[in-house]
Amino acid sequence: MKLRALAAVAALSVSALVAAPALADGRLAVTLEKPVSAKTKIVAGGAVFVCEDAACVATSAPSRALSVASCKALAKEAGRVSAFGGDAKALAAEELERCNASAKAA
């Protein structure tokens, strides 16, 4: 019985280590062209962005959140985006253009 419990704990530990890179969360910062009228939470790409004034921040975002699709989802709610990225990478100008095609009308 103890051996089975130990095996189960070991299996869970290994699965947590394997899943960790897939769940490697990072910070994403977004700059809006115009500030939001009130503090707002927006879910886009599996990340929760907190928008206040002209800044939206997701403190724990999965890697898939750094995409044009996520940017579009955020822009639909918050308006045009002038910057969208993390510590290591940001969307390029042409990606921001595609993102802003879905932006909420001012």
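The values are calculated or read from the model by the stated rules, or taken from the named source; none is laboratory data. The model shown is predicted, which means the values in this text are computed figures rather than measured ones. Cβ atoms come from the backbone with ideal geometry, glycine included; neighbour counts cover every protein chain shown. Note: accessible area is taken over every heavy atom of the protein model, side chains too, but ligands, DNA and RNA are not part of it. Shrake-Rupley method; radii C 1.70, N 1.55, O 1.52, S 1.80 Å.
Examine the range 34-49 for a residue that is within 15 Å of Lys89 (Cα to Cα) and not basic (Lys, Arg), and state whether such a residue exists.
Checked the range 34-49: no residue is within 15 Å of Lys89 (Cα to Cα) and not basic (Lys, Arg).
Lys104 is checked against (1) touching an Asp or Glu at 6+ places or on another chain (Cβ under 7 Å); (2) of a type outside the set (Asp, Glu); (3) open to solvent by less than 40 Å² (accessible area, probe 1.4 Å); (4) assigned to a loop (DSSP other than H, G, I, E, B) and fails just one. What number does that condition carry?
Of everything listed in (1) touching an Asp or Glu at 6+ places or on another chain (Cβ under 7 Å); (2) of a type outside the set (Asp, Glu); (3) open to solvent by less than 40 Å² (accessible area, probe 1.4 Å); (4) assigned to a loop (DSSP other than H, G, I, E, B), Lys104 misses just condition (3).
Which of the numbered conditions does Leu91 fail, given that it passes all the others? Conditions: (1) under 14 Å from the mean Cα position of the chain (by Cα); (2) modelled with pLDDT under 95.
Failing condition for Leu91: (2).
How many of the residues in the range 44-97 are touching a residue at least 40 places away in the same chain (Cβ under 8 Å), open to solvent by 10 Å² or more (accessible area, probe 1.4 Å), assigned to a strand (DSSP E or B) and touching a Cys at 6+ places or on another chain (Cβ under 9 Å)?
0
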